[in-house]
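The values are calculated or read from the model by the stated rules, or taken from the named source; none is laboratory data. In this text, all values refer to a predicted model and were calculated from it rather than measured experimentally. Here the Cβ is made from the backbone with ideal geometry for all residues, glycine too, and neighbour counts use every protein chain on show. SASA here: full protein model, heavy atoms, side chains in, ligands and nucleic acids out. Shrake-Rupley method; radii C 1.70, N 1.55, O 1.52, S 1.80 Å.
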Amino acid sequence: MTNSQQHDPRYPDGRIRFGVFFQGVNFHTIWTDENSGSQHDFESFRRFIQTAERGLFSAFFLGEGLRLREHLGRLHDLDIAGRPDAQTQLAALAAVTERIGLVATQNTTYNDPADLAYRLASLDLLSDGRAAWNIVTTDNAWTGANFRRGGYLAHEHRYERAAEFIDAAKALWRAWPDQHVDVAGRHVTFSTDRVLPPSSQGRPVLFQAGDSSEGRDFAAQHADVIFSAHPGLDDATTFAADVRARLLRFGRAENELAFFPGQVIILGDSATDAAEKADWVRHSQVTPQTALAYLEQIWGTDLSAYDPDGPLPDIDPVQDETNETRGSPFRAQKARELAASWRAISVEKKLSIREFVIHLTSSRGLIGSYSEVADQIREYTRRGVVQGFNISPYLVPSGLDDIVNGLVPELQERGIYPTEYESTTLREELGLPAVEAAGSVAALESA
């Protein structure tokens, strides 16, 4: 049994932890429902995070969108967008919570390390060791137009800059009490004395979600937690084995990286109730207008004349590059190939436009009664594949209520979920090893 699979003796089957992923720009949050709250009022965030803390969640995870998306030359108005800045939100939420971790998604392409590292260290210090940074990269000019540097970062350079950025941030976090920090790299250059004392966890916890081979290497070399898109048990097992092999190649121990795949959980009083709710969720997420707009990203033209309950368009995409709703345009040839493959799938499965988009975008998730889902989760703990799940709720701010009120007690009865917070810092809560103390000889030699 590997180090990462060794269990606390109090939990023979292992233990699972939960985080909650409060998504940024997306259509998965059902914002049109009458039970959906504001996406920018503080009360929504306060209720949401306090429910998570009542359920002993390890972390509250905020997504990010750096620019309002556009669609066919107009602002895209079918998605959640325009939420307040993540660090501003988390600073406010730190004051109304006590134990839950505070994870801010922040971009290495359009930030400066001396500034961002200081702000993250400030959140970590003021929250008494509960801050974390979800590291993301961006390489498209569409987002870059929002920033003074503007423009485009070559795809092959995005992780190069990110690696230099992380090394620079760590140097700043290790520099207390009176160390001057000079960094001169290909992508990152600065000189500063602006450092803070370390928090009780040493430095912010580092999350990362890259899934390409390059992204997996980056996580294995730099991250404390990997947030993956591999929630299925077999898929999660394969993914974890691959990343753990990379981890060893970078000279890190297996317990230095925790696995938290994203997960959708839909619960009902019975399996039938849960299945009906899942169908409602998926059809509420993908409205007829959303389905057409989703295809328009690839076809590159107005498809409003098509019936969302009819077949996929029989025309080819019409432009050299698709529109930039998602900031990552497809070349025309790729768009034509993708459209042809989608048409073939829709014909084979007898799916309308809307049903096809639901098929394409809906996560399988954990769906069932409270006891059924608890038993499914128990299988994860028996295999020791993941340390937890980042749950993506479909409603805000009530989307965690049935998980906290109904599922968590089922998991606690099975002995696979904590009954209280056992640590004061996020790093300890996630079972991660301590980092070298700032100002120590070893830390300063490695800076």
Of the conditions (1) crowded, with 16+ Cβ neighbours inside 10 Å; (2) out of contact with any Asp or Glu (no Cβ under 6 Å at 6 or more places or on another chain); (3) within 30 Å of GLU420 (Cβ to Cβ), ARG69 fails just one. Which one is it?
(3)
Go through the stretch 178-244 and tell me which strands (runs of 3 or more DSSP E), entirely inside it, have 2 or more residues that are of a type in the set (Val, Ile, Thr).
181-184, 189-192
Filtering the stretch 100-120 for residues that are in a helix (DSSP H, G or I), open to solvent by less than 10 Å² (accessible area, probe 1.4 Å) and not hydrophobic (A, V, I, L, M, F, W, C) leaves a count of 1
Residue check for PHE259: under 28 Å from ASP79 (Cβ atoms) and touching a strand residue (DSSP E or B) at 6+ places or on another chain (Cβ under 7 Å):
no
Filter the stretch 394-415 for residues that are open to solvent by less than 10 Å² (accessible area, probe 1.4 Å), in a helix (DSSP H, G or I) and within 20 Å of TRP280 (Cβ to Cβ) and give the result.
ILE403, LEU407
How many residues are open to solvent by 50 Å² or more (accessible area, probe 1.4 Å), modelled with pLDDT under 95 and part of a helix (DSSP H, G or I) if we restrict to the stretch 360-375?
1
Every residue in the stretch 168-217 that is over 24 Å from the mean Cα position of the chain (by Cα) and aromatic (Phe, Trp, Tyr), please.
TRP176, PHE190
Which of the residues that make up the stretch 243-290 are among the aliphatic types (A, V, I, L, M) and surrounded by fewer than 18 Cβ atoms within 10 Å (Cβ to Cβ)?
ALA245, LEU248, ALA253, ALA271, ALA275
What's the total number of residues in the stretch 33-69 that are of a type in the set (Ser, Thr, Tyr), at pLDDT below 95 and part of a helix (DSSP H, G or I)?
1
Consider the stretch 202-235. How many of its residues are under 21 Å from GLY63 (Cβ atoms) and in contact (Cβ under 8 Å) with a residue 24 or more places away in the chain?
21
What are the residues in the stretch 72-82 that are in contact (Cβ under 8 Å) with a residue 12 or more places away in the chain and open to solvent by 50 Å² or more (accessible area, probe 1.4 Å), if any?
GLY73, GLY82
Search the stretch 308-335 for residues being assigned to a helix (DSSP H, G or I) and loosely packed, with under 15 Cβ neighbours inside 10 Å, and hand back the single one that is modelled with the highest pLDDT.
LYS334
Suppose we filter the stretch 378-392 for residues that are of a type outside the set (Val, Ile, Thr), in a helix (DSSP H, G or I) and surrounded by fewer than 24 Cβ atoms within 10 Å (Cβ to Cβ); how many remain?
4
May I ask you to list the residues in the stretch 165-188 that are out of contact with any Asp or Glu (no Cβ under 9 Å at 6 or more places or on another chain) and open to solvent by 50 Å² or more (accessible area, probe 1.4 Å)?
ASP167, TRP176, PRO177, ASP182, ALA184
Hey, could you check the stretch 80-105 for residues that are modelled with pLDDT under 90 and out of contact with any helix residue (DSSP H, G or I) (no Cβ under 8 Å at 6 or more places or on another chain) and say which is nearest to ASP33 (Cα to Cα)?
ILE80
Residues (closer than 16 Å to GLY310 by Cα, among the β-branched types (Val, Ile, Thr) and within 29 Å of the chain's Cα centre (by Cα)) located in the stretch 346-373:
ILE353, VAL357, ILE358
Report whether or not GLY215 is surrounded by fewer than 22 Cβ atoms within 10 Å (Cβ to Cβ) and at pLDDT 95 or above.
no
